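For reference, the structure is listed below as structure tokens.
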Amino acid sequence: MRCITVLGPSQSGKSTLVRQLAALDGDAVATETLDPVTLTTFGYLGERWCALDLPGGAEGAVLGQGALMASDAAVLVVPPDPAAAMLCAPYLRAIEASGTPCLLFVNRMDTAEARVRDIVSELQAYSNHTIVLRQIPIREGEQVIGAVDLISERAWRYRDGQQSALVELPSGPVAEREAEARAALLEHMSDYDDALLEQLIEDRAPATGALFAIASRETHDNVLIPAFLGAAERANGLTRLMKALRHETPDCGALRARLADAGGTAPLAVAFQATVRRHLGKVVAIRALAPGIAAGQPLGGSGLGALQAIGGGALGSTALAPGAVALAVKSDQLRAGHPADAAALLPTPDWAVRQPPMLARVLIPGSERDEVRLSAALARLSETDPFLALTTEEETGQPVLQVQGPQHLRRVLAMLDADFGLVVDTRAPRVGWRETIAGQATIRYRHRKQSGGAGQFADVALSVAPLPRGTGFRFDETVKGGAVPRNYIPAVEEGARDAMERGPMGFRVVDIAVTLTDGKHHPVDSSDHAFRTAGRMGTRDALAAAGPLLLQAIDRVDIHVPSVVSGALVGLVSGLKGQILGFDRDPGFRGWDLFRATLPAAARDDLLSALASATQGTAWVEAGFDHYEEVYGKEADAISKTRLAAGV
């Protein structure tokens, strides 16, 4: 069995293409959905295939990284519009990073108005590999009615729902375009084949069979990306695409070698997708890359659980043939996104390490008794979805779910409901405001309480002063003559630390030095508790007198963006009160820029929303805390007033 991943922007016709390819030979078709991937197995000319169909949209290219770990080739489905090239850029980037051989399919040619060479030219701006046309369209007026194969020089007329009909190569403009396009194709092919180059230099016509063999090898070796034409809805051009896949897609041995090059060990299998199903538990999609993968045999450090065929049906003790895809249950040692040998899981290849999740949401269970269930459910989901991350909100302790984007969030929430019976609300995480002081202050505070019996007494003289950003909290003491006994000084420090939790403006206090300079004690009524209380209350008073100053968290953001729209980010980031640090060409990926800036953390959601609009969902962001920055005037007063009113 050979396996392909079908990728492309939303509404490009990926699912239709998979469905039509599976129906070409009339062989048995089976499907299985491990959200968001749909696995389809089918036969073609006596060989078994598995197609992995992923959703489009802003997150499709990220999610495709896992599927590419199990794929012998990728099919990138492209709309027939040069303007859509930017939408395809993230998929080209993911495919090229993985080293997976790629075939490009320009779909919906029945509606094409643009020239195919313009479509390919725009796509080439985002590809490190040369994209070569293997077909040119035949038109009647503005309508595409067929295609000419540039290697065999045969012309085919499309027939809806049927195989295309062989026709005579049209003369005139079509023949001229065919000769021009074929010459360009052979020139690119000769860049990687010395014998062909010699034939072209000597003006000798290469044999058709030899050209097909060269094309197969060059796709197999991932040095060129061939482009084919068709219309999946009408079943136009699909036989040619499927034959190219059959002859030019390597077997699973090439994938195993690619994974071994990345991790240093040749894996026996790869786990590429997982889900949790009610009453069944964890289900992992695996692909065998070597003989001996069977239920009960060691894989990933433990015995492999039961195996099921795609579409249902237990496989019993039958071993999977190399290349076969199956579902493993009761195999909790396996994790999606990891190759495996018998003894252990192997590291995820660098190219398949997920992009950092961009969207964060606090999850709020419907009731207190659901909190424990939610924690367990999230832990279970994190085992099956390598593209999410879990943290905890610092102030509230509530779980924070980090996902790739809105579609990913909706899918996770739907799984919590369907598989765990949990309905949760969400909100954006609270912004990490802090406060400090602008100046110094000295204060004396006496804590005295008498309510019968032993009382409470502590007297402290404290001074506070600001520290450089990022220093944190520092406590010193300069007490002379035992005015405050040594055993009570740690309690004063604890009280000062307590006061740091909530300052006069309502936020945690940072970058403060507190110094105990003097004090008094009582031989009977003084205690650790009394001095801790005095330290806390005295520090609070000193902070209020030292000029409270609001600090906002500033993120460092690295935005990976297609070069054609990077200029639009200047106004976008400036409008969010960000500071632009600069941008450079991405050295590893053609047509991409790395745009660097600092931005208030409070504007992160606004940035993601604006980026999705400005870049049509193609950009992605790496963001992390960088420093705190002062906020003054009415803005600071309003934020503090809201915080204090909320009583958080």
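The values are calculated or read from the model by the stated rules, or taken from the named source; none is laboratory data. Everything numeric in this text was worked out from a predicted model, so none of it was measured. We place every Cβ from the backbone using ideal geometry, glycine too, and count neighbours over all the protein chains shown. Note: areas computed on protein heavy atoms with side chains; ligands, DNA, RNA excluded. Shrake-Rupley method; radii C 1.70, N 1.55, O 1.52, S 1.80 Å.
Could you name the lysines in cross-link range of Lys330, using Cα to Cα under 28 Å and dropping any fewer than eight places away on the same chain?
Lys282
Compute the acute angle (0 to 90°) between the alpha-carbon long axis of helix 173-190 and the principal axis of greatest extent of the alpha-carbon atoms of the chain; round to the nearest 10°.
Tilt relative to the chain: about 60 degrees.
For the pair Lys243 and Ala483, what calculated FRET efficiency results from E = 1/(1 + (r/R0)^6), where r is the Cβ-Cβ distance and R0 = 60 Å, to the nearest 0.05?
After rounding to 0.05, the efficiency reads 0.05.
Just want the answer: with Cβ charges of +1 for Lys and Arg and -1 for Asp and Glu, which residue in Leu238, Pro226, Gly264 is farthest toward the dipole's positive end in the stretch 214-289?
Leu238
Suppose we flag GluC sites (Glu not before Pro) only when DSSP calls them loop and at most 14 other Cβ atoms lie within 10 Å. Which is the longest uninterrupted stretch of the chain?
203-367
Can you give me the three principal axis dimensions of the chain from its C-alpha atoms, in Å, biggest first?
109, 57, 42
Could you size up the charge dipole of the stretch 355-432 around its Cα centre, putting +1 on the beta carbon of Lys and Arg and -1 on that of Asp and Glu, and report it in debye to the nearest 20?
Dipole of the stretch 355-432, to the nearest 20 debye: 220 debye.
Provide the percentage of antiparallel DSSP beta bridges, counting only those with both residues in the stretch 36-159; round to the nearest 5.
Within the stretch 36-159, antiparallel bridges account for around 75 percent of the total.
In sequence order, what are the phi-derived ³J(HN,Hα) couplings for the stretch 471-480 according to the Karplus relation 6.51 cos²θ - 1.76 cosθ + 1.60 with θ = phi - 60°, rounded to whole Hz, with x for glycine and proline?
Running phi through 6.51 cos²θ - 1.76 cosθ + 1.60 with θ = phi - 60° gives 6, x, 10, 9, 10, 9, 9, 10, 5, 10 Hz.
How much net charge surrounds Ala623 when only the other residues with a Cβ under 14 Å from the Cβ of Ala623 are counted, with Lys and Arg +1 and Asp and Glu -1?
Here the charged neighbours net out to -3.
Non-local amide H neighbours of Arg48 (under 5 Å, H modeled in plane, Pro and chain starts lacking H): which ones?
For Arg48, the qualifying residues are Arg2.
Report, in degrees rounded to the nearest 10, the 0 to 90 angle that the Cα long axis of helix 14-23 makes with the longest principal axis of the chain.
Here the helix axis deviates by roughly 40 degrees.
Over all directions, the average projected area of the alpha-carbon convex hull for the stretch 528-648 comes to how many nm²?
Orientation-averaged projected area of the Cα hull: 10.9 nm².
Pop the C-beta distance of Asp251 and Glu176 into the FRET formula with R0 = 45 Å and round what comes out to the nearest 0.05.
Once the sixth-power term is evaluated, E becomes 0.70.
At a Cα cut-off below 19 Å, give the aspartates and glutamates reachable from Lys520, other chains included and same-chain residues fewer than 8 away excluded.
Partners found: Asp459, Asp476, Glu477, Glu493, Glu494, Asp528, Asp541.
Under a Cβ-only charge scheme (Lys and Arg +1, Asp and Glu -1), can you give me the dipole magnitude of the chain about the Cα centre, in debye to the nearest 20?
Taking the Cα centre of the chain as origin, the dipole is about 2060 debye.
Amide H to amide H, which residues 5 or more places from Phe583 or on other chains are under 5 Å from it, using H placed in the peptide plane?
Arg596
Regarding the stretch 128-198, what's the average projected area of the Cα-atom convex hull, expressed in nm²?
One quarter of the hull surface, i.e. the mean projection, equals 6.3 nm².
In terms of solvent-accessible area of protein heavy atoms at a 1.4 angstrom probe, what is the ranking of Leu644, Leu211, highest value first?
Leu644, Leu211
Stretched out fully, how many nm does the piece from Ala321 to Ala83 gain, at 0.36 nm a residue minus the Cα gap?
81.4 nm
Could you tell me the calculated FRET efficiency between Leu169 and Asp221, based on Cβ-Cβ distance and R0 = 30 angstrom, to the nearest 0.05?
0.50
Could you give the nm distance between label points at Arg585 and Asp528, where each point is 7 Å from its Cα heading toward the beta carbon?
6.5
What accessible surface, in Å², does a 1.4 Å probe find on Trp351, ignoring ligands, DNA and RNA and rounding to the nearest 10?
Accessible surface of Trp351 is approximately 50 Å².
First compute the accessible area of the stretch 514-577 with a 1.4 Å probe, then give the percent of it belonging to carbon and sulfur atoms.
C and S atoms contribute 54 percent here.
Keeping the other protein chains in place, figure out the carbon and sulfur percent of the accessible area of the stretch 449-491, with a 1.4 Å probe. If you can, show how the numbers build up before the last one.
Values: 1200 of 2240 Å².
Solvent-exposed carbon and sulfur of the stretch 449-491 make up 53 percent of the total.
How much of the accessible area of the stretch 398-440, probe 1.4 Å, is carbon plus sulfur, in whole percent?
Of the solvent-accessible surface of the stretch 398-440, carbon and sulfur hold 50 percent.
By how many degrees, between 0 and 90 and to the nearest 10, does the Cα long axis of helix 528-545 differ from the longest principal axis of the chain?
70
Compute the distance in nm between two label points, each set 7 Å from the Cα along the Cα-to-Cβ direction, one at Ile364 and one at Ala645.
Going from the Ile364 label point to the Ala645 one covers 1.8 nm.
Based on Cβ point charges of +1 for Lys and Arg and -1 for Asp and Glu, what charge dipole magnitude is obtained for the stretch 557-622 about its Cα centre, in debye rounded to the nearest 20?
So the dipole magnitude of the stretch 557-622 works out to roughly 100 debye.
Which semi-axis lengths, in whole Å and largest first, follow from the square roots of five times the eigenvalues of the Cα gyration tensor of the stretch 247-307? Let's see the in-between values first.
Working: eigenvalues 116, 39, 26 Å².
Each semi-axis is √(5λ); the values are 24, 14, 11 Å.
Looking at the chain, send over the antiparallel percent of its DSSP beta bridges, to the nearest 5.
Bridges in the chain are about 80 percent antiparallel.
Taking only protein heavy atoms and a 1.4 Å probe, what accessible area per residue, in Å², does the chain have with all protein chains in place?
Per-residue accessible area for the chain comes out at 42 Å².
With point charges of +1 on the Cβ of Lys and Arg and -1 on the Cβ of Asp and Glu, referenced to the Cα centre of the stretch 165-248, which listed residue (Leu196, Ala215, Leu166) lies farthest in the positive direction of the dipole?
Leu166
Of Thr318, Gly292, Ala274, which is farthest along the charge dipole of the stretch 254-342 in the positive direction, counting Lys and Arg as +1 and Asp and Glu as -1 at C-beta?
Selected residue: Ala274.
Within the stretch 31-46, list the residues whose amide N lies under 18 Å from a label point set 7 Å along Cα→Cβ of Ala314.
none
When a/c reaches 1.5 or more, the comparison of a/b and b/c decides; with that in mind, is the stretch 195-278 rounded, prolate or oblate per its Cα gyration tensor?
Here the stretch 195-278 falls in the oblate category.
Report the Stokes-Einstein translational diffusion coefficient (µm² s⁻¹, integer) for the stretch 5-150, Rh taken as the Kirkwood radius over Cα pairs, at 25 °C with viscosity 0.890 mPa s.
154
For q = 0.15 Å⁻¹, what log10 I(q)/I(0) does the stretch 576-620 give under the Debye formula with an equal point scatterer on each alpha carbon and no solvent?
One equal scatterer on each Cα of the stretch 576-620 leads to -0.43.
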